[in-house]
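The values are calculated or read from the model by the stated rules, or taken from the named source; none is laboratory data. Keep in mind that what you see is a predicted model, and the values were worked out from it rather than measured. When we count neighbours, we look across all protein chains shown, and the Cβ atoms used for this are built from the backbone with ideal geometry, even at glycine. These accessible areas exclude ligands, DNA and RNA; they are computed on the full protein's heavy atoms, side chains included. Shrake-Rupley method; radii C 1.70, N 1.55, O 1.52, S 1.80 Å.
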Amino acid sequence: MENQELENYLAKLERALGAISVSEKAEIIMEIKSHVLDAVESSPDRSLSEILKGLGEPEQVANRYLLERGLEPQKAPKHPIVKWLVIGFLGTFSISVVAMFVLLWNFTPLVQVDEAKGHVKILGGLIDVQEDNGRVKIGDGELKIGGDDFEIEFGSEFSGTEEIDVSKVKKALFWFNNAKLKFRNSETSEIEYDCDTNGEAHVGENSGTMEFNLKGTSMASCKVSVPKGIDVEVKAQNGIFNFLDLENNLNFEGMNGKVRFQPGKEVAYKYKMKVQNGLMDDFESSDKSDAYKIEIELMNGKIKN
Amino acid sequence: MYLVMEIEIKNWLTQIKKGYLDLCILALIESQEKTYGFQLISSLGEHGITVKEGTLYPLLNRMTKDGLLQARWETEDIQGHPRKFYSLTQTGRNNLKAMRTEYESMYVTFEDINTVGGKNGKSRA
């Protein structure tokens, strides 16, 4: 029995079990699921939510497993998305920096960790991560992550407009690493883009696809408006991705973060949404043959509407 | 009034219930030979012991790791869902025996203390 509420609970439990081995985690999850199924069968007048409440918060249940084994219970992360985003950002920022980080982990003066405050300083402050206020300083630039959102303060701008001839250009393809994106419906026949970023970005047309390549950047904050009718494909690593009132087929692939798809009023969509670890709101697909196909795939995070 | 008393002795109750619960769980599993979590919660409930599910499963998990219990996944029929059944290991049986002896001896000692004059045998009014 596929039940999103139960699956969400079990996903949170799995995450909160943290240090326990994968196979043991799997058994624990299976046993809790088995219990819930028994509870649902034996008390049909109790709702699933009530039964889950009776179990307790997944983090509390996990903590009890950890305590029984003499392991440290996990501190609830202040902003769970911040943790994913910070790990994701650091992971893709630069392989050489991460390698250095791993090497220098043994040399404690160069990596200072204050666990209680969630503060990590690496390489004398070259990378400075403060989890509780969501500030990640990398070199001269700064990335501020607050709750589920972030601000970028890097210097370069990448912006312009591209006139789209729908007889020639069928697709707009966007490549990002870490990004905060806002895609809207353009009322014109142009793609308008306005980005704050670092690194190199290119735009060019290639066999019917208008390609926006920001792979050379580690961070980008972009507002893009796309005309109706062309296909939109976005590939990104980590970040916050908003798609508002689109009248396009959309294919999005991302690693960690939050995706928001706001359907246009009176527009028909057919949804194919997938989150490996995380949460997803309900999306109702239309059975109209001309409905726009919306495919969103995210490893860790949330898909909201 | 009972509730008020419970609150005042809350710390003591928590401590004593921990050991008592371990003993009761082992004894119940022994009497049923094998049982699964949900069934155990019901059985404990029938005997007046309320355990939160969120407490019991981690406990069973710990007892299994400590070698007192062995667990086996079993599915009743093709449509059923798998359940984790627990039974006592030899170590579990030995422990239970030792715990029972201790518990009974504690009970006797307490009864003894409770009697005014101790070994004189005069009972409380």
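Within the stretch A:261-278, work out how many residues are assigned to a strand (DSSP E or B) and buried (at least 17 other Cβ atoms within 10 Å of the Cβ).
Taking the stretch A:261-278 as the starting set, the residues that turn out to be assigned to a strand (DSSP E or B) are A:261-262, A:269-278.
The next check asks that each one be buried (at least 17 other Cβ atoms within 10 Å of the Cβ); those that pass are A:261, A:269-271, A:273, A:275, A:278.
Looking only at that region, the number is 7.
Residues that are more than 11 Å from A:Lys223 (Cβ to Cβ) and among the acidic types (Asp, Glu) within the stretch A:159-194 comprise A:Glu162, A:Glu163, A:Asp165, A:Glu187, A:Glu190, listed in sequence order.
Considering the stretch B:43-63, the residues that are in contact with a Phe, Trp or Tyr (Cβ under 9 Å, 6 or more places away or on another chain) and open to solvent by less than 40 Å² (accessible area, probe 1.4 Å) include one that is farthest from the other protein chains (Cβ to nearest Cβ), namely B:Ile49.
Quick one: which residue in A:Glu266, A:Glu211, A:Glu190 is over 27 Å from A:Ser286 (Cβ atoms), free of Cβ contacts under 8 Å to residues at least 40 places away in the same chain and out of contact with any Pro (no Cβ under 8 Å at 6 or more places or on another chain)? Break it down into steps so the answer makes sense when it comes.
Values: A:Glu266 fails: over 27 Å from A:Ser286 (Cβ atoms); A:Glu190 fails: out of contact with any Pro (no Cβ under 8 Å at 6 or more places or on another chain).
Of the residues listed, the single one that is over 27 Å from A:Ser286 (Cβ atoms), free of Cβ contacts under 8 Å to residues at least 40 places away in the same chain and out of contact with any Pro (no Cβ under 8 Å at 6 or more places or on another chain) is A:Glu211.
Of all residues in the stretch B:31-42, those being in contact with a strand residue (DSSP E or B) (Cβ under 8 Å, 6 or more places away or on another chain) and surrounded by fewer than 17 Cβ atoms within 10 Å (Cβ to Cβ) number 2. Annotation for the stretch A:78-88: at least one member residue is in a loop (DSSP other than H, G, I, E, B), open to solvent by 80 Å² or more (accessible area, probe 1.4 Å), more than 13 Å from chain B (Cβ to nearest Cβ) and at pLDDT below 65. The requirement of being touching a helix residue (DSSP H, G or I) at 6+ places or on another chain (Cβ under 6 Å), more than 10 Å from every other protein chain (Cβ to nearest Cβ) and at pLDDT below 85 is satisfied by A:Pro73. Among the residues of the stretch A:142-169, the ones that are modelled with pLDDT under 70 and aliphatic (A, V, I, L, M) come to 1 in all.
Please count how many residues of the stretch A:1-23 are modelled with pLDDT of 90 or more and over 24 Å from the mean Cα position of the chain (by Cα). Going through the stretch A:1-23 one residue at a time, the tally reaches 0. Inspect all residues belonging to the stretch B:71-87 and state whether any of them is under 18 Å from the mean Cα position of the chain (by Cα) and open to solvent by 30 Å² or more (accessible area, probe 1.4 Å). Yes, the stretch B:71-87 has at least one match. Identification of strands (runs of 3 or more DSSP E) wholly contained in the stretch A:178-260 with 2 or more residues that are crowded, with 19+ Cβ neighbours inside 10 Å yields A:178-185, A:190-197, A:209-216, A:219-226, A:231-235, A:238-244.
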